[in-house]
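Participant: Following this message is one structure expressed as structure tokens.
The values are calculated or read from the model by the stated rules, or taken from the named source; none is laboratory data. Remember, predicted model here, so these are calculated numbers, not experimental data. Quick reminder, even Gly has a Cβ in these numbers, built from the backbone with ideal geometry, and neighbours come from all protein chains shown.
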Amino acid sequence: MIIAVASGKGGTGKTTVATSLALALSAHVSILFLDADVEAPNAHLMLKPSFSSSQDASLPIPAINEAQCTLCGVCAEVCQYQALAVTGQRVLVFPEMCHGCGSCTLNCPSGAISEVPHVLGTLESGTTPEGIRFARGVLNIGEALAVPVIRQLRASHPALPGETIVIDAPPGTSCPVVEAVRGADYVILVTEPTPFGLHDLRLAYELTCELGPPAGVVINRDGTGDQRVDEFCARAGLAVHLRIPLDREIAAGIAQGVPLVTLKPEYESHFQQLFQAVTRVCL
């Protein structure tokens, strides 16, 4: 089973929920935790894995053989991302705009284009003290494309037999979120009872409707704001699986990298019940 934990906006407590879910289940279920928030991965601060392997995440980009190139311009014409341009006596390549589709290489009539790897980031993996298999992607500073890193993170870390995957997705509803959530059996949407929380919950729910997996909600900082998030969930048929109150002790502990289920052990059973509810929906 693949459970993705997502949120329409950053700062709602998505990683808090994802890490506590993994920890609460780790004594009963084999867990693979994927931190797919590659622009700001921080699940390691709570799960504290011992990293044992690392590899580059890369994208194939065009390299021009200038002696063989006829400057015909076909490569620039077929590139829908404008990653190539013919100027004067050279073909310019803009690596940060290339999506690695290979169209320029395939269509070059003179065979002057080959592909070379452009490193976007790093994939790191290891094991937590609880025996959770942990892997994360880290996008290099200045790189714009998170999607290939997330795709390679998921492809290089398949589930073992009987293993449950918990994915900590990026915030928002853009392409990286789609890549992280795609193929999930269930999506947990973390929100907060504020106007911003409601607005972004709507967007995140619409994304799950487009992609297909069922979804449920965890309300963080419960007790603040108003009831409009609850009203929306009722209208949309979204189950509210768990409520986490606005609590100074919780906030201080999370800021120090202490998981919620360690701060408040009673939440371990709450997350186990959440998992049971998800299992009933998916099976």
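Participant: Tally the residues that are within 14 Å of the chain's Cα centre (by Cα) and surrounded by fewer than 20 Cβ atoms within 10 Å (Cβ to Cβ), restricting the search to region 16-40.
Facilitator: Selection size over region 16-40: 2.
Participant: Could you please let me know if residue 106 is of a type in the set (A, V, I, L, M) and farther than 21 Å from residue 41 by Cβ?
Facilitator: Yes; evaluated as a whole, the condition is true for this residue.
Participant: Suppose we filter 58, 54 for residues that are of a type in the set (S, T, N, Q), modelled with pLDDT of 95 or more and within 15 Å of residue 143 (Cβ to Cβ); which single one remains?
Facilitator: Going through 58, 54 in turn, just one is of a type in the set (S, T, N, Q), modelled with pLDDT of 95 or more and within 15 Å of residue 143 (Cβ to Cβ): 58.
Participant: Are any of the residues in region 83-96 within 25 Å of the chain's Cα centre (by Cα) and of a type in the set (Gly, Ala, Ser)?
Facilitator: no
Yes or no, residue by residue, for (1) closer than 26 Å to residue 162 by Cβ; (2) part of a helix (DSSP H, G or I); (3) of a type in the set (Val, Ile, Thr):
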site	(1), (2), (3)
5	yes, no, yes
11	no, no, no
17	yes, yes, yes
20	yes, yes, no
24	yes, yes, no
27	yes, no, no
34	yes, no, no
39	no, no, no
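Participant: Just to verify a result, which residue in region 240-262, among those that are among the hydrophobic types (A, V, I, L, M, F, W, C) and surrounded by fewer than 17 Cβ atoms within 10 Å (Cβ to Cβ), is nearest to residue 187 (Cα to Cα)?
Facilitator: 240
Participant: Could you list, in sequence order, the residues of region 223-239 that are at pLDDT below 95 and surrounded by 15 or more Cβ atoms within 10 Å (Cβ to Cβ)?
Facilitator: 225
Participant: Moving on to the next point. Looking at (1) in contact with a Ser or Thr (Cβ under 7 Å, 6 or more places away or on another chain); (2) in a helix (DSSP H, G or I), can you tell me which one residue 126 breaks?
Facilitator: That leaves (2) as the condition not met.
Participant: While we're on this one: Restricting the first residue to region 64-75 and requiring it to be within 15 Å of residue 88 (Cβ to Cβ), which pairs with a second residue that is basic (Lys, Arg) meet a Cβ separation below 9 Å and a spacing of at least six or different chains?
Facilitator: As it stands, the answer is 64/90; 66/90; 69/90; 71/90, since those pairs meet every condition given.
Participant: Still on this model: Quick one: which of 144, 159, 155 is surrounded by fewer than 21 Cβ atoms within 10 Å (Cβ to Cβ), assigned by TED's automatic domain parsing to the domain that holds residue 31, in a helix (DSSP H, G or I) and aliphatic (A, V, I, L, M)?
Facilitator: Numbers: 144 fails: in a helix (DSSP H, G or I); 159 fails: in a helix (DSSP H, G or I).
Of 144, 159, 155, the one residue that is surrounded by fewer than 21 Cβ atoms within 10 Å (Cβ to Cβ), assigned by TED's automatic domain parsing to the domain that holds residue 31, in a helix (DSSP H, G or I) and aliphatic (A, V, I, L, M) is 155.
Participant: With the requirement that a residue be assigned to a helix (DSSP H, G or I) and either outside the structural domain of residue 74 (by TED's automatic domain parsing) or under 17 Å from residue 33 (Cβ atoms) (or both), what does region 93-123 give you?
Facilitator: Within region 93-123, no residue meets the criteria.
Participant: Regarding residue 208, is this residue within 15 Å of residue 4 (Cα to Cα), assigned to a helix (DSSP H, G or I) and out of contact with any strand residue (DSSP E or B) (no Cβ under 7 Å at 6 or more places or on another chain)? It would help to see each step written out before you state the result.
Facilitator: Numbers: within 15 Å of residue 4 (Cα to Cα): yes; assigned to a helix (DSSP H, G or I): yes; out of contact with any strand residue (DSSP E or B) (no Cβ under 7 Å at 6 or more places or on another chain): no.
It is false that residue 208 is within 15 Å of residue 4 (Cα to Cα), assigned to a helix (DSSP H, G or I) and out of contact with any strand residue (DSSP E or B) (no Cβ under 7 Å at 6 or more places or on another chain).
Participant: A further question on this structure: Could you tell me how many of the residues in region 203-261 are within 19 Å of the chain's Cα centre (by Cα) and either acidic (Asp, Glu) or more than 18 Å from residue 12 (Cβ to Cβ) (or both)?
Facilitator: 7
Participant: Go over the candidates 252, 180, 277, 184 one by one and state the one that is outside any strand (DSSP E or B), over 30 Å from residue 151 (Cβ atoms) and at pLDDT 95 or above.
Facilitator: The unique qualifying residue is 252.
Participant: Would you point out the residue of region 82-110, among those that are among the aliphatic types (A, V, I, L, M) and over 27 Å from residue 153 (Cβ atoms), that is surrounded by the fewest Cβ atoms within 10 Å (Cβ to Cβ)?
Facilitator: In the first step, residues of region 82-110 are kept if they are among the aliphatic types (A, V, I, L, M); the result is 83-86, 91-93, 97, 106.
Filter again for over 27 Å from residue 153 (Cβ atoms), leaving 84-86, 91-92.
Working: 84: 24, 85: 14, 86: 16, 91: 23, 92: 12.
Here the residue is 92.
Participant: Going by the structure shown, is residue 113 crowded, with 16+ Cβ neighbours inside 10 Å and either in contact (Cβ under 8 Å) with a residue 60 or more places away in the chain or out of contact with any His (no Cβ under 6 Å at 6 or more places or on another chain) (or both)?
Facilitator: For residue 113, the condition - crowded, with 16+ Cβ neighbours inside 10 Å and either in contact (Cβ under 8 Å) with a residue 60 or more places away in the chain or out of contact with any His (no Cβ under 6 Å at 6 or more places or on another chain) (or both) - is met.
Participant: With the checklist (1) assigned to a helix (DSSP H, G or I); (2) at pLDDT 95 or above in hand, flag the one item residue 167 doesn't pass.
Facilitator: (1)
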